Amino acid sequence: MYAFMNEILGKRILFVTAHPDDESYLAAGTMFRNHEAGGTSYVACATLGEKGKSHLKRKVTSRQLKILRKKELLAASKYLKVSALLTPGLPDAGLGRKSNQDAFFKKLLSFAAKHRPDFMISFGKDGISGHMDHISVGKVAQEVAKRLNVPFLKFSAPPELVKSLEGLKRRRKHGKYVKRLKHQPYDIEMKVNPVKKLKALHFHKSQLDLEGPFAELSAEAVKQVLSREYFSF
């Protein structure tokens, strides 16, 4: 497992996500390691998360939240050494619609063809949390990878997060989710720097609970999320 992950480090990797902060929760550490190995990371984020809940003290409209979350994504991407960022601004919570998937496919295909990634990484059928936007984005990303003949990997949930399934479900307060959540086992485990990952998460201030970025999760799950990142074939 480690041998294969070392094979992709130092290469061009395109991470395809649904909402601002997905990149930091799921792949911040891997982006850092890729940069340190001389590689290049790209991010394509389908929506700007305007339907999400704002945890700021002041009230904000959906439009204001959209603008704010884009700024947060830009700041996090700069910190993560992302070389190019695609933000088509498709409707949050609307990626289940075929028209939006088709629009994202065209944008992502053009972006990927331009940057010629060696690997693409996105969501699998579980979407980590079961979020329909995650699942839809992963489906589109896999189609683009197939069209361009690019190896495709999927984000996988840390084992302790799977054990904390009820805590994960309690976090599912906004957006559309599948009724039954079954996680796909991981094939690759990547050790990452927890300090750098936590800093990346804190760029997304509008999404942080008062308790921090890991409300409802067990201490062991938090430790694993910060120190490891997981992927499957």
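The values are calculated or read from the model by the stated rules, or taken from the named source; none is laboratory data. All of these numbers come straight from a predicted model, not from anything done at the bench. Please note: Cβ atoms are built from the backbone with ideal geometry, for glycine as well, and neighbour counts cover all protein chains shown. Calculation scope for accessible area: heavy atoms of the full protein, side chains included, ligands and nucleic acids excluded. Shrake-Rupley method; radii C 1.70, N 1.55, O 1.52, S 1.80 Å.
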Unmet criterion (only one of (1) open to solvent by less than 60 Å² (accessible area, probe 1.4 Å); (2) modelled with pLDDT of 95 or more; (3) more than 28 Å from Lys191 (Cα to Cα); (4) not acidic (Asp, Glu)) for Phe15: (3)
Selection from the stretch 192-206 of residues that are touching a residue at least 12 places away in the same chain (Cβ under 8 Å), open to solvent by 30 Å² or more (accessible area, probe 1.4 Å) and of a type outside the set (D, E, K, R): Asn193, Pro194, Leu198, Phe203
Some residue of the stretch 162-185 being open to solvent by 60 Å² or more (accessible area, probe 1.4 Å) and modelled with pLDDT of 95 or more: no
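Here's the yes/no breakdown for (1) in contact with a helix residue (DSSP H, G or I) (Cβ under 7 Å, 6 or more places away or on another chain); (2) crowded, with 22+ Cβ neighbours inside 10 Å:
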| position | (1), (2) |
| --- | --- |
| Thr61 | no, no |
| Thr87 | yes, no |
| Leu90 | yes, yes |
| Gly94 | yes, no |
| Ser99 | no, no |
| Leu109 | yes, no |
| His115 | no, no |
| Phe119 | yes, no |
| Ile128 | yes, yes |
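One line per residue, one yes/no per condition, for (1) farther than 23 Å from Phe233 by Cβ; (2) modelled with pLDDT of 95 or more; (3) not in a helix (DSSP H, G or I):
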{"residue": "Asp92", "(1), (2), (3)": "yes, yes, yes"}
{"residue": "Leu95", "(1), (2), (3)": "yes, yes, yes"}
{"residue": "Lys107", "(1), (2), (3)": "yes, yes, no"}
{"residue": "Pro117", "(1), (2), (3)": "no, yes, yes"}
